[in-house]
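The values are calculated or read from the model by the stated rules, or taken from the named source; none is laboratory data. What you see is a predicted model, and the numbers here were worked out from it, not measured in a lab. So basically every Cβ, Gly included, is an ideal-geometry build from the backbone, and we count neighbours across all protein chains shown. To get the accessible areas, we keep the full protein, side chains included, count just its heavy atoms, and leave off ligands, DNA and RNA. Shrake-Rupley method; radii C 1.70, N 1.55, O 1.52, S 1.80 Å.
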Amino acid sequence: LAEYAQIQIIIGGQRQAEAADMQLEQLRQQRWDREGRWEEHYEKLTYLLRFYLGWRTSSPLLEQTTSEILKTLTLEHEAHRQLKEILEVADLVKFARLYPSLDKSELHLEWASALVEKHAPPAEEARS
């Protein structure tokens with residue numbers, strides 16, 4: 001939980017998109033998925049996405065289920081499909097102990113980075 005509190009503090013500052021990118025890169029470097037620590041990997045990945053996208057859309061995504069999030073967020077088709085897959089795989093990891101391939105896990109990190117980049121605030125908004 002302390003690690004998640006750090007995400008909130010970092011993202012709560014002026015450079016939220018850069019902080020989210022930094023946290024995703026840190027997760028990529030940790031590569032818990034390669035160590036078989038799937039639950040930790042996907043928990044952190046989805047927490048970061050829920051927190052960041054929730055902040056960007058002023059939605060309480062941390063308190064919502066996967067299906068509620070997908071109904072709440074208005075994303076373009078491909079981004080919605082990618083977020084849906086990430087969240088659903090995370091649910092399978094958490095509840096069914098089913099794990100994706102390492103290639104798929106890496107792809108999910110790439111998609112998460114793209115979602116953060118696509119929803120980054122304009123430069124003038126990030127400074128306020």
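Brief remarks follow.
- Residue, farthest from residue 70 (Cα to Cα), within region 84-106, restricted to residues that are part of a helix (DSSP H, G or I) and basic (Lys, Arg): 104
- When restricted to residues that are over 20 Å from residue 81 (Cα atoms) and hydroxyl-bearing (Ser, Thr, Tyr), region 16-67 contains 1.
- Top-ranked residue in region 38-55 [being open to solvent by 60 Å² or more (accessible area, probe 1.4 Å) and over 11 Å from the mean Cα position of the chain (by Cα); ranked as nearest to residue 27 (Cα to Cα)]: 40
- Flag if residue 128 is among the hydroxyl-bearing types (Ser, Thr, Tyr), at negative phi, surrounded by fewer than 14 Cβ atoms within 10 Å (Cβ to Cβ) and modelled with pLDDT under 95: yes
- Looking at 68, 85, 117, 78, just one residue is surrounded by fewer than 16 Cβ atoms within 10 Å (Cβ to Cβ) and at pLDDT below 95, and that residue is 117.
- Contacts under 7 angstrom Cβ, first residue in region 96-107 being surrounded by 15 or more Cβ atoms within 10 Å (Cβ to Cβ) and at pLDDT 95 or above, partner assigned to a helix (DSSP H, G or I) and acidic (Asp, Glu), 6 or more apart: 105/33
- Only residues that are in a helix (DSSP H, G or I) and under 20 Å from residue 92 (Cβ atoms) were counted in region 29-61, giving 18.
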